[in-house]
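The next block holds one structure in the form of structure tokens; read it before the comments.
Readers should treat all values here as calculations from the given coordinates under stated rules, not as data from a laboratory. What you see is a predicted model, and the numbers here were worked out from it, not measured in a lab. Here Cβ is always computed from backbone atoms with ideal geometry, including for glycine, and neighbour counts include all displayed protein chains.
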Amino acid sequence: MRDEFLEQFADCHIKVFFDGTLGAGGHARALLEAHPEIETYIGCDQDPTALEIAKKNLEPWQDKTVFYRGNFSELSECVAELGIKAVDGFFFDVGVSSMQFDQEERGFSFKKSGPLDMRMDPSNPISAKEVVNEYSEQELGECIRDYGEEPFWRRITKAIVEARKKKPIETTKELADIVLSAIPNKGKKSIHPATLVFQALRICVNRELESLEEAIKQALSLLKVGGKMGVISFHSLEDRIVKNVFRAAAEPPRSDRGRKIGSSPFKVVTKKPITPRLRETRTNRRARSAKMRFLQRI
């Protein structure tokens, strides 16, 4: 949703921008081209491979770009290290990237057989293999239930636990086959039976939901007057966090009796989330579930 992203920042004068999920630098390149007034563009990503690709793609703006390897929940620390007091714009394109999905050795996709990894940051000591093979049945079940919202989480958890008693589960194909065998009446489903389980494990391994909420709240405290923050999410768990944190920030303070006592310094710009246009979903199927929301400091 590059065009929609640019539209939201079109009326902003940007000196400092923080991109919490730099990836290959697609959004960064578009914004740097559209806003030559940018003095400092901070690109954050926990994936070292993505950062190296972004550095090459953003070479024309090497005098303006600062690259930070880490989780976007560390943004306050990153900005402080640079001596920056306030930021004109924030953007987070959350979840796993298409580039990571396509790298079978990263273990994000069940469509290709690879190691059970799913770490966005390769230095993370916990991979999906540890979660699948070492979590207790209760912990694993709660992970699949809460992060995958999988209706057959009990059946799937039991099948995984029984399978790992025989031998460790080590590949994405092994896990996908176990999930498939555990779900009744598969028939024709809109998504692969393993989709929600893989989503749950990825979220758990990378602490995605906790990190997202922490990052947004930190960004609120650093956003300059007139500045905007945008988030693209790809499933209901993420979007719920964005919507709720934005809504809470825009609520006016209240007295102990619940009466409004002033106004909030924030307003939600997008009352309903922005979704991809048809032409984009036709060329990029992964964009179908994307929702983009914006908030502004006033």
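Taking segment 104-206 on its own, what percent of its Cα-Cα pair distances exceed 18 Å?
For segment 104-206, the share of Cα pairs beyond 18 Å comes to 39 percent.
Longest span of the chain, sites excluded, free of GluC sites (Glu not before Pro) in DSSP loop with at most 16 other C-beta atoms within 10 Å?
No qualifying site falls inside 171-298, the longest such stretch.
How high is the FRET efficiency between N124 and I298 when r is their beta carbon distance and R₀ equals 35 Å, given to the nearest 0.05?
The computed FRET efficiency comes out at 0.40.
Report the calculated FRET efficiency for K64 and K271 (r = Cβ-Cβ distance, R0 = 41 Å), to the nearest 0.05.
Computed FRET efficiency for K64 and K271 comes out at 0.80.
Distances over 34 Å make up what percent of all Cα-Cα pairs in the chain?
26
Taking R0 as 25 Å, what FRET efficiency do you get between I191 and K165 from their Cβ-Cβ distance, rounded to the nearest 0.05?
Efficiency, from the Cβ-Cβ distance: 0.30.
Write out the trypsin sites (Lys or Arg not before Pro) in segment 110-217 meeting two conditions: DSSP loop, and at most 16 other Cβ atoms within 10 Å of their Cβ.
Loop-located and lightly packed - K111, K112, K186, K188, K189, R207.
What lysines does K56 reach when the alpha-carbon gap must be under 30 Å and sequence neighbours fewer than 8 apart in one chain are set aside?
Partners found: K15, K64, K85, K111, K112, K224, K228, K291.
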